[in-house]
């Protein structure tokens, strides 16, 4: 795995180009023995050949425009079709759900949710203290969303891509039954379950 390629405008296009190139090669490898290997074997190949490139420092380089990430997502689709021996134009949402594979967008969401869990439970270094504020810290109204984190105001897309904006946005979308959990393994498991169900919503 190479280091992340950073461009001057922080669009992450160079790194995404690299990731897409590697995934395209792996999809070709995965497609050739599709009728000779079991679904389980192909799924293992998928996790071995493709997912390291998607998950490596994902929270950093996935902070970009949706159009950039769609290139990666469009390569994940033929991969899950190959694993399940599905037709070329088969709808992939049920396939992702069946295989319990997260797409590029949901991997990013999971990483952000894990960061927010550690922040919410004071498990991050002191550098990150007071990074976010809840509604109850700003006003004393006892509302349903009093415990939600306030999203930082943004004037540019670049700031919208940062954890200051994405962190509260992701955390506030999770149900209280998940955000109130104190065990990280249980939290991660429940978020994975929550994201998996969103494929078919």
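Being part of a helix (DSSP H, G or I) and in contact (Cβ under 8 Å) with a residue 40 or more places away in the chain is the filter; apply it to the range 52-66 and report the residue that is surrounded by the fewest Cβ atoms within 10 Å (Cβ to Cβ).
Restricting to residues being part of a helix (DSSP H, G or I) and in contact (Cβ under 8 Å) with a residue 40 or more places away in the chain, the top hit is 52.
Yes/no per residue for (1) in the same structural domain as residue 149 (by TED's automatic domain parsing); (2) in a helix (DSSP H, G or I); (3) closer than 27 Å to residue 164 by Cα; (4) out of contact with any strand residue (DSSP E or B) (no Cβ under 7 Å at 6 or more places or on another chain):
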| residue | (1), (2), (3), (4) |
| --- | --- |
| 7 | no, no, yes, yes |
| 20 | no, yes, no, yes |
| 23 | no, yes, no, yes |
| 33 | no, no, no, yes |
| 36 | no, no, no, yes |
| 68 | no, yes, yes, yes |
| 88 | no, no, no, yes |
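Check 82, 41 and return the single one that is free of Cβ contacts under 8 Å to residues at least 12 places away in the same chain, more than 20 Å from the chain's Cα centre (by Cα) and outside the structural domain of residue 194 (by TED's automatic domain parsing).
Answer to the selection: 41.
Which members of the range 6-38 meet the condition of being over 18 Å from the mean Cα position of the chain (by Cα) and in contact (Cβ under 8 Å) with a residue 40 or more places away in the chain?
Selection gives 10, 24, 26, 27, 30, 31, 34, 35.
The values are calculated or read from the model by the stated rules, or taken from the named source; none is laboratory data. This is a predicted model, so every value here is computed, not measured. Glycine also receives a Cβ, built like all others from the backbone with ideal geometry; neighbour counts cover every protein chain displayed.
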